[in-house]
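Input: a single structure, listed below in structure tokens.
The values are calculated or read from the model by the stated rules, or taken from the named source; none is laboratory data. Keep in mind it's a predicted model, so treat the numbers as computed, not measured. Cβ sites come from the backbone with ideal geometry, for glycine too, and all protein chains shown count toward neighbours. With ligands, DNA and RNA removed, areas are computed over all heavy atoms of the protein, side chains included. Shrake-Rupley method; radii C 1.70, N 1.55, O 1.52, S 1.80 Å.
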Amino acid sequence: TAAPAAWPSSVDIVESESRVLVFLDLPGMSSSAFKVEYAANSPAGPPGGTLSVSGVRTRPALQGKFRVISSSRFAGPFAQHITIPLQVEPATLKASYRDGVLLIRIRKAAAVAAAKPAIKLNFGGNAGH
């Protein structure tokens with residue numbers, strides 16, 4: 001069996017204080033056509049992990065006899081791997097599919113969600129000089 005194609009869909013990754021949202025454009029599929037998995041990096045490695053989305057996109061069934069004149073839409077198995085650079089809680093992963101967009105929600109790990117970035121300003125001495 002051939003390896004799934006790396007069907008490059010458009011991806012947006014956004015975060016709030018408590019979760020990470022991943023949006024993938026995957027038109028023309030059904031919600032049951034996806035498999036979503038998360039694998040955390042090793043503790044010695046960088047924080048985060050890899051989100052893997054795979055599935056099969058089929059061509060629509062046509063009634064009657066047709067001959068393909070031109071075809072540029074992808075059909076077949078695919079896999080896409082997305083790096084998530086934050087620690088998350090994999091057990092909270094939820095996915096939904098609507099209007100051709102797969103939305104994946106993952107809660108940040110408690111330590112990451114509680115951390116507030118500190119902004120430290122250093123003017124190198126007196127601010128008046």
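If you plug the beta carbon distance of Ala111 and Ser30 into 1/(1 + (r/R0)^6) with R0 = 30 Å, you get a FRET efficiency near 0.20. What FRET efficiency would be calculated for the residue pair Leu62, Glu37, taking the C-beta separation as r and a Förster radius of 25 Å, to the nearest 0.05? That pair, Leu62 with Glu37, gives E of 0.15.
Whenever you get a sec, line up Ser9, Ser32, Ser96 from highest to lowest accessible area (probe 1.4 Å, protein heavy atoms).
Result of the area sort, largest leading: Ser32, Ser96, Ser9.
Put a dot 7 Å past the Cα of Leu86, heading toward its Cβ, do the same for Ser18, and the two dots end up 1.3 nm apart.
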